[in-house]
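See below for the structure under consideration.
The values are calculated or read from the model by the stated rules, or taken from the named source; none is laboratory data. Bear in mind that the values here come from a model prediction, so they are computed numbers and not experimental data. Neighbour counts are summed over all protein chains in view; Cβ atoms, including those assigned to glycine, are modelled from backbone coordinates with ideal geometry. Each accessible area value is taken on the protein alone, full model and side chains, heavy atoms only, with ligands, DNA and RNA left out. Shrake-Rupley method; radii C 1.70, N 1.55, O 1.52, S 1.80 Å.
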Amino acid sequence: MIWKWVRWLLPSPTPRLEDHVSIWSIQRRDAGTFFRIVAVLWLVALLRIGYKAMERADDPLVGWQNAVDFALAVLGEFGNVGIGTAMLAMLLTRPVNRMGETAMTFYQAMVNRFVIPVIEKHKAEGREEGIERGMAQADADWMAWNRRRVEAERQGLTFDETPPRH
């Protein structure tokens, strides 16, 4: 049972070449998520290494002469971390996408269950109110037409006004 979930989360063992992007071997639909995760992980790693380098700069034996020395120290340590962050991102991409799909499915289910019925109820109420207003307007139009017709008959005039259409 657990292997079913593991296989669902991981990429296909027999991928088609056209489904993958570049050297990362990431499926096209997962590429955006992968590169976002890589960017976040690299930023976190870079900040952590920079923080460690700043701590070492307080040491009088290591003190940095200028910004270039500091940058070289940070990038020297970051080279080892870069591959690890890319690999971690490759492992996290599929589960993150699945969690997003699951969250969107849950969201859509909640919208279908709670929001759409309220909207439909208000539409139905609006239709009923519109029908009532329309019928009242039609009745008023007919009553006014009939009043004019009866008045014209009383005065002996010809009444050639067409009846209202509703």
Residue pairs qualifying under the 9 Å Cβ cut-off, at least six apart or on distinct chains, with the first in segment 44-64 being under 13 Å from E77 (Cα atoms) and hydroxyl-bearing (S, T, Y) and the second being at pLDDT below 80 and open to solvent by 70 Å² or more (accessible area, probe 1.4 Å), are none
Residue count, segment 69-116, condition free of Cβ contacts under 8 Å to residues at least 12 places away in the same chain and among the hydroxyl-bearing types (S, T, Y), comes to 3
Of those in segment 57-109 that are surrounded by fewer than 13 Cβ atoms within 10 Å (Cβ to Cβ) and among the charged types (D, E, K, R), the residue modelled with the highest pLDDT is E101
